[in-house]
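One structure is given below, encoded as structure tokens.
Since every read-out is calculated from the coordinates, none of them should be taken as a lab result. No experiment lies behind these values; they were computed from the predicted model shown. Quick reminder, even Gly has a Cβ in these numbers, built from the backbone with ideal geometry, and neighbours come from all protein chains shown.
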Amino acid sequence: MKYIKYTIVLFLALSLNSCHVGRFFYWNFADTGDLNKFEQVPIEKGGSTFYFKEPIAPQETTVPEFITTKKGKQFSFKDALVKSKTTAFLVVKDDQILYENYFDGYTKATDHPSFSVSKSFISALIGIAIEEGHISSLDDPIRDYLPELDTSFDPVTISHIINMQSGVKFSEGYFNPFGEVAKFYYGTNLKKFVKKLKVTKEPGTSWKYISGNTQLLSLALESATGQPLHLYFQEKIWKPLGMEYNASWNIDSKKNQTAKAFCCLNARTRDYAKFARLYLNRGNWNGTQIIPESWVDKTTSFTDETSNYIYSHHWWRNISTQQLLAMRTSESTTLQPAYAPDVDYQARGVLGQFMYINPEKNIVIIRLGDKFGAINWATLFREISEMN
């Protein structure tokens, strides 16, 4: 028995640096410590810094006194955040911090992994690249920028990819060590895996949330702009927004230097809120148009068939967990226009990372955590917005 145990440990140790399966079993399911497990490239902040106004006490008056969980249990607001494994919770209205708290050893100076929240940053860069002429149109075939892709991608456009309607065969199962998402997340050569992707369904006919789409977008961005993703991001978003801190982006390996665009931007809570503020102001940052206003409007309208009225250009309507699961487990969900969109929307990550935006109330909320928890976050965000 002891021999078998040592053999397994030795196998995992030998596999760690070269095999995504070994890394999967060694590190297991994704967690907030993953930013330090993978290689990183730095993202530098600009010379000037934008600061939100500090909170005015008592902060507790700006949030509900109690939260009722999805299991019907009631806790105080702070206790509910702790029990749900929240690491950071920030509410900003009119550039004034209404509520800010950190848990489990985290502080405002702690980097938090974004997980799939990073997808919304990629969306912003696509809009900028189109405005700058690097990408002609959303209707461009993806192989115009990535000719190395399998020929089954011939009918696939950037619009298909950014709206998760590409028809690419891709397993998003986070518990499958042999699935594509495990290869992308734990592998050390992303481009090798990307070249193996194939389209098996007619693009534009069904919706399926897959991280491979975002990786395709980022590689197309690099091809179109001639810059590594993190440097284009640094130039177009991080420096202009007056971030307080440097950030980082995890890459597949020191050798291959490919950014894991679908998951792995690492930054501080207040800086995530600044990006949300940029969208709150329709791409304008203190008088400078960073993202085209038309792109922000198109992205956040949720009013046409390409968005399925619930997911648009790598952003979500502010939806409940039940609605999300219905979308993520279906490849053909088509919502009717009568399913009227609300004004609020969000970016979200697998462990309950949220970047919530409510233009009507001029509020942004950042929730970061190590677990999704038993809280209906969509309802809570809206409740906080209505209170303020």
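Couplings 3J(HN,Hα) for the range 194-204, derived from phi with the Karplus relation 6.51 cos²θ - 1.76 cosθ + 1.60 (θ = phi - 60°), are 4, 5, 8, 5, 9, 8, 10, 10, 4, x, x Hz, where x marks Gly and Pro. Normalising the average separation of contacting C-alpha pairs (under 8 angstrom, six or more residues apart) by the number of residues puts the relative contact order of the range 21-126 at 23 percent.
For GLU60 and GLU172, FRET efficiency with R0 = 45 Å and r from the beta-carbon atoms, rounded to 0.05? The pair GLU172/GLU60 has a calculated efficiency of 0.70. Remark: C-alpha extents of the range 104-156 on the principal axes read 49, 27, 14 Å, sorted largest to smallest. Centre-to-centre, using Cα atoms only, the range 249-305 and the range 100-156 are separated by 8 Å. Between the beta carbons of SER136 and GLN257, assuming R0 = 35 Å, the FRET efficiency works out to 0.85 to the nearest 0.05. Counting only the Cα atoms, the range 111-257 fills a convex hull of 115 Å³ per residue.
Among the aspartates and glutamates, select those whose C-alpha is under 13 Å from the C-alpha of LYS78, and discard any that sit fewer than 8 residues away in the same chain. Cα-Cα hits under 13 Å: GLU60, GLU65, GLU100, ASP104. Full extension of the chain segment joining ASN36 with ASP150 gains 37.7 nm, where the gain is 0.36 nm per residue of separation less the Cα-Cα distance. Peptides 258-270, 281-293, 102-114, ordered by how many other C-beta atoms sit within 10 Å of their residues on average, highest first, read 258-270, 102-114, 281-293.
Relative to the current alpha-carbon distance between LYS191 and VAL82, full extension at 0.36 nm per residue lengthens the span by 35.3 nm.
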